[in-house]
Amino acid sequence: MLRLCSILVLCAAASGVFAAPSSVSGPVRVVDGDTIEIAGHKVRLFGIDAVERDQTCRHPTRGEWPCGAEVARVLAGLIDGQAATCESRGVDRYGRMLGICRINGQDVGAALVEAGWAFAYKKYSTLYVREEQRALHAGRGLWTSVVVQPSQYRASKRAPVQVAPSGCPIKGNISADGKRIYHLPGQAFYSRTRISETKGERWFCTEYAARMAGWRRARQ
């Protein structure tokens, strides 16, 4: 019986069953705005999504600023070196633990979202929706600026470069709420905007043509 148990333990270890513990505790090292490391384990904070480290945001009066680097810096200043306990909520596709982490009893993810330094990752959880609404209404953190959602930013970095038709570089985009907005080369979100003709989006050769078709110019 003992030999059988030993074999089962070895097989489980080999299959990765023990690769992700149910919880980890120890001093925190900040990796980026939503990922930390504890005792050699990388933990992706469950239920939140933070801007990427190389991402920028645009403030209405102060202009473009490195919000991704700033969020990582703020998080490091708040929790680097402090003792945290993270409870597992699974494993992501990169092998990181998805965890709800607490320091002195405070939920780190909830604190970041309520301070406006991260978003509720509603695609996977509604855990922090209330905190996000409070941050939005108070105009805290990232909510002071124009921000591309992190998931959209990551998708744009993965997508191949679109080549405009000859002489027609204006991008006629349709937003999630149905607004028809065109982007000119050099505008803030031009390079990140992708045209899907199957959704009714299109390229324009002139601003006049875009306006006549019912599109308005992007404000940024």
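The one condition from (1) at pLDDT 95 or above; (2) of a type outside the set (F, W, Y); (3) part of a loop (DSSP other than H, G, I, E, B); (4) more than 18 Å from the chain's Cα centre (by Cα) that T85 does not meet is (3). Every condition in (1) among the hydroxyl-bearing types (S, T, Y); (2) exposed (fewer than 15 other Cβ atoms within 10 Å of the Cβ); (3) at pLDDT 95 or above is met by S175 except one, and the failing one is (3).
Residue-level check: of (1) within 18 Å of Q152 (Cα to Cα); (2) crowded, with 22+ Cβ neighbours inside 10 Å, Y128 misses just (1). Filtered by the rule that a residue be of a type outside the set (S, T, Y) and either more than 23 Å from the chain's Cα centre (by Cα) or surrounded by 18 or more Cβ atoms within 10 Å (Cβ to Cβ) (or both), the stretch 21-31 gives P21, V24, G26, P27, V28, V30. Within the stretch 145-172, if we keep just the residues that are hydroxyl-bearing (S, T, Y) and within 17 Å of the chain's Cα centre (by Cα), the residue that is farthest from L184 (Cα to Cα) turns out to be S151.
Each row is one residue, and each column tells you yes or no for (1) over 16 Å from the mean Cα position of the chain (by Cα); (2) surrounded by 13 or more Cβ atoms within 10 Å (Cβ to Cβ); (3) modelled with pLDDT under 95.
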| position | (1), (2), (3) |
| --- | --- |
| R93 | no, no, yes |
| G109 | no, yes, no |
| G116 | no, yes, no |
| E132 | no, yes, no |
| A138 | yes, no, no |
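There is at least one residue in the stretch 58-68 that is in contact with a Lys or Arg (Cβ under 8 Å, 6 or more places away or on another chain), in a helix (DSSP H, G or I) and not basic (K, R).
Kindly provide the set of residues from the stretch 33-76 that are touching a residue at least 60 places away in the same chain (Cβ under 8 Å), within 16 Å of S145 (Cα to Cα) and not charged (D, E, K, R), ordered by number. The answer is A50, V51, Q55, C57, H59, P60, W65, C67, V71.
Here R219 meets each of (1) closer than 19 Å to T56 by Cα; (2) of a type in the set (K, R); (3) in contact with a strand residue (DSSP E or B) (Cβ under 9 Å, 6 or more places away or on another chain); (4) in contact (Cβ under 8 Å) with a residue 24 or more places away in the chain with one exception, condition (4).
Looking only at residues in the stretch 140-176 that are part of a helix (DSSP H, G or I) and among the polar types (S, T, N, Q), which one is nearest to R58 (Cα to Cα)?
Let us first name the residues in the stretch 140-176 that are part of a helix (DSSP H, G or I), namely 141-144, 150-158.
Subsequent filtering for residues that are among the polar types (S, T, N, Q) retains 144, 151-152, 156.
Details: T144: 9, S151: 17, Q152: 16, S156: 18 Å.
Ranking the qualifying residues of the stretch 140-176, first place goes to T144.
The values are calculated or read from the model by the stated rules, or taken from the named source; none is laboratory data. Note that this is a predicted model, so its numbers are computed, not measured. Every residue, glycine as well, gets a Cβ built from its backbone with ideal geometry; the counts of neighbours run over all protein chains shown.
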